[in-house]
Amino acid sequence: MSGKPAEKEVGWVSQPVVSIPSVKKRSQRWKFSYMQKIALPLGAGILFLLLWQLQVFHAILGLRTYQLPLPSSIVEAIFENIDILLSYMVYTLSEAVLGMFLGSLLGFILALIATAFPKWGKGGLLVVVALNAVPIVALAPIMNLWFGDGIGSRVAIVTVVTMAAMAINAHKGMTSVNPLALDLMHSYAAKKIAVFRYLRISNSLPFVFTALKINTTASMIGAIVGEFFFSSKGLGYLLSNSVKVAKMPLGWACIVMAAIGGVLFYLIVEGLEKIFLKWHSSRREHN
């Protein structure tokens, strides 16, 4: 047996015959993929909300509805305050996006320097990691003192929070190149800039997008926590004030809007990854 699909002659042309079992297998794989990616998570989410609405979690944890509002109350609070929630979500997302862009850019530049000059560049990575270990609650007053109580202080917080993930991941991608590919570049007498451009930076792109996806979450956390301390706008500001005056449904509405904004931010980065990494083996495997 050659393993090739069977052929039958139609006139003077031989055409391959598609076997029905292969079509059935593809259909079964599609159904399994649909169940795995969509149906199961959706069903689990609906079951979670139903148990929440029926106060099962309240009974288990010993909570009252004023401590943990019901989903129906949260949805009602969202519709009643949709204008201000959307406005504040855009404001918080602006802080997160600007801060993540600056932090990721600085982290990538640091990774370039650490790769080009490894003797002292790795020390810079350690400094960034140490800076990232500083709690946001300690960082917020300092940034407010330096940049004022406007959007600049939250952008600075997010910048510091997101810098380390990019620096470490990008450095890993630039230094873990295939030795054979590096030898090939050297055999062609490629200059250091060419090696970085065509080999190291290209090899680091999957690591870069991994860092960006990590930073989508970190940037939202940094922006919201920063708004707790010094802000007059944003979801963090509204959440803090809602808890202070015991408007818990509105506070949870802020959490829901922050989650929606974070998911949209993540999906945008994931979409960019699919566009820029079509050539990578991981994308071919998914396709």
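The values are calculated or read from the model by the stated rules, or taken from the named source; none is laboratory data. Being a predicted model, the structure only gives us computed values, none of them experimental. Backbone-built Cβ (ideal geometry, glycine too); neighbour counts: all protein chains shown.
The table below lists the values:
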item	result
Condition broken by Thr162, with the remaining ones in (1) modelled with pLDDT under 90; (2) farther than 21 Å from Asn241 by Cα satisfied	(1)
Filter result (among the aliphatic types (A, V, I, L, M) and at pLDDT below 75) within the range 27-52	Met35
Residue list for the range 97-126, restricted to those being more than 23 Å from Met220 (Cα to Cα) and of a type in the set (Val, Ile, Thr)	Ile113, Thr115
Subset of the range 143-161 (residues that are buried (at least 20 other Cβ atoms within 10 Å of the Cβ) and either farther than 21 Å from Tyr237 by Cβ or among the charged types (D, E, K, R) (or both))	Arg154
Count of the range 38-85 residues which are under 19 Å from Ala246 (Cβ atoms) and either of a type in the set (Asp, Glu) or touching a Ser or Thr at 6+ places or on another chain (Cβ under 6 Å) (or both)	2
Filter result (farther than 28 Å from Phe229 by Cβ, touching a helix residue (DSSP H, G or I) at 6+ places or on another chain (Cβ under 6 Å) and not hydrophobic (A, V, I, L, M, F, W, C)) within the range 117-140	Gly121, Lys122, Gly124
Boolean, Ala259 is assigned by TED's automatic domain parsing to the domain that holds Ser104, at pLDDT 90 or above and buried (at least 24 other Cβ atoms within 10 Å of the Cβ)	no
Gly226, sole failed condition from (1) crowded, with 19+ Cβ neighbours inside 10 Å; (2) in contact with a Phe, Trp or Tyr (Cβ under 7 Å, 6 or more places away or on another chain)	(2)
Filter pass, Ser87 being part of a helix (DSSP H, G or I), under 25 Å from the mean Cα position of the chain (by Cα) and over 22 Å from Val208 (Cβ atoms)	yes
Residue match in the range 99-106 (condition: small (Gly, Ala, Ser), surrounded by 13 or more Cβ atoms within 10 Å (Cβ to Cβ), over 25 Å from Val158 (Cβ atoms) and modelled with pLDDT of 85 or more)	no
Spans of helices (runs of 4 or more DSSP H) in the range 125-190 with at least 2 residues of a type in the set (S, T, N, Q)	151-175
Which numbered condition Phe101 fails, given (1) within 30 Å of Val177 (Cα to Cα); (2) of a type outside the set (S, T, N, Q); (3) touching a Ser or Thr at 6+ places or on another chain (Cβ under 7 Å)	(3)
Verdict on Lys233 being among the basic types (Lys, Arg), at pLDDT 90 or above and under 25 Å from the mean Cα position of the chain (by Cα)	no
Residue check for Ser94: more than 30 Å from Val161 (Cα to Cα) and in a helix (DSSP H, G or I)	no
Yes/no for Ser282 being farther than 23 Å from Asp149 by Cα, assigned to a helix (DSSP H, G or I) and either out of contact with any strand residue (DSSP E or B) (no Cβ under 9 Å at 6 or more places or on another chain) or at pLDDT below 80 (or both)	yes
Matching residues in the range 36-89 - criterion: being touching a helix residue (DSSP H, G or I) at 6+ places or on another chain (Cβ under 8 Å), of a type in the set (Gly, Ala, Ser) and over 13 Å from Gly251 (Cα atoms)	Ser72
